[in-house]
Every structure is written in structure tokens, then in C-alpha cells.
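S.K.: Before anything else, here's the structure in question.
None of the figures in this text is laboratory data; all of them are computed from the coordinates on show. No experiment lies behind these values; they were computed from the predicted model shown. Here the Cβ positions follow ideal geometry from the backbone for every residue, glycine too, while neighbour counts run over all protein chains shown.
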């Protein structure tokens, strides 16, 4: 019998959010206002979801954040989760996104507006057997250093922000995604445990 312990969980939306006229307008507005990132380009505006045209879309994102944070992780609803920064990544043929994580964030998310063959890789930051690099006869989730998740336009993926992730070289024409970070508000920790902080 195998007991699963301390697993990292990734959330993938079952439903899709279709590209609306308002969101198309937001994408077009930011397409040329970008800076060179490592491997692709990113919008200069890093608060995309504060645009009034994103109101309904942002509410949809929050509904999925709530499912992952409160329903799956069972975090007390006294702790409020909110989106901090949000930005658009434009990835053209043969571009990629470097390995990174998201400091100063609790959960991070990526939503895919456009693209085919959409992949995001998640990297295991800890060795299976500390200090040993053993040959593997059959890769499974429990012994892999990297796991690739396939997505479609309109889907959202959420993950704890400390998990390292990357995007392999893109073979399509154009992939457009929105990435965002979150943080919390509320009273956390324990008064008697000397860990209390009000954020």
C-alpha cells in the first residue's frame, strides 16, 4: 500500500473562458507596448486585470482561485485572497519562457488566450533521493524532475507560486497568455504560538 504525502497540486480549469470583444481590445492595446523578457516579450502594463474591460474575466479568475484555495486546500475564508500583478506574455514561433518561480505571491496563474500546442513545464525542486541521480526505467509523476501539462486556449492553470516552471520552445505562430500573482489579507498565524500577523 502506498500513502501519498506532501504532494504538489496544480489546478487546471475544466471550463473555458472565451475570448470576448472586450478582451480582444485589451490584447490589441498591449500588443506593441512590450518589453523583451527572457525568451519572449511581456506587456509594459503589469496590472492588466485592473482594466474595467477585464471586470467579468477577473471575476471568473477569482472563482477558480477560490475553488483551489478554499475548496481544495481548505484555507479558512477569514483569509482573503486577491490578485496583485497581472501581465500579458506574447510568445512567437521558436520563443520560450525561462525557468522561474514567483516570489512575493501565494498562488500564481496562467490563462491562455491564443495558441496551439500549449505546454507549461513544472520542475521538481527536490531530489527524489537526496544527492543521488539514479537511472529511471519508467517515468511516473513521483520520480520525474519535470512534468509537462498540456492546455487549450480559454483554460487556466493555478499553482503555488514557489513551484518552478517554464515554457518550452514554441512551435506554433503566436501564443498569448495572461499571468498573475496573488496575495492574502487577514489575520494569520497564532497569538500563543507567536506567529500571528495581520496583513
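S.K.: Counting only C-alpha contacts under 8 Å and six or more residues apart, can you give the relative contact order of segment 11-187 as a whole percent?
M.R.: 35 percent
S.K.: Give me the number: length gained by fully extending residue 12 to residue 38, i.e. 0.36 nm times residue separation minus the C-alpha to C-alpha distance, one decimal in nm.
M.R.: 6.8 nm
S.K.: Using the count of nearby Cβ atoms within 10 Å as a rough guide to exposure, how do 83, 88, 75 rank from fewest to most?
M.R.: Values: 83 20, 88 24, 75 17.
So the residues, fewest neighbours to most, are 75, 83, 88.
S.K.: Rounded, prolate or oblate: which one fits the chain, using the alpha carbon gyration tensor with axes a ≥ b ≥ c (rounded when a/c is under 1.5, else prolate when a/b beats b/c, else oblate)?
M.R.: The shape class here is oblate.
S.K.: Related question: Sorted from fewest to most neighbouring beta carbons within 10 Å, what does the list 148, 195, 46 look like?
M.R.: So the ranking, lowest neighbour count to highest, is 195, 148, 46.
S.K.: According to the square roots a ≥ b ≥ c of the eigenvalues of the Cα gyration tensor, what is the shape class of segment 126-199, taking rounded for a/c under 1.5, prolate for a/b larger than b/c otherwise, and oblate for the remainder?
M.R.: On the way: a/c = 3.54, a/b = 1.30, b/c = 2.72.
Note, shape of segment 126-199 comes out oblate.
S.K.: Let me ask you something else. Over all directions, the average projected area of the alpha-carbon convex hull for segment 1-87 comes to how many nm²?
M.R.: Values: hull surface 34.9 nm².
Taking a quarter of the hull surface, the average projection is 8.7 nm².
S.K.: Return 188, 38, 118 ranked ascending by Cβ neighbour count within 10 Å, so the fewest neighbours appear first.
M.R.: 38, 188, 118
S.K.: A further question on this structure: Please give the length that would be gained between residue 187 and residue 139 if that part of the chain were fully extended, namely 0.36 nm times their separation in residues minus their C-alpha to C-alpha distance (nm, one decimal).
M.R.: Taking 0.36 nm per residue and subtracting the Cα distance, the gain is 13.1 nm.
S.K.: Follow-up. Computed FRET efficiency, Cβ-Cβ of residue 171 and residue 198, R0 41 Å: what is it to the nearest 0.05?
M.R.: About 0.25, to the nearest 0.05.
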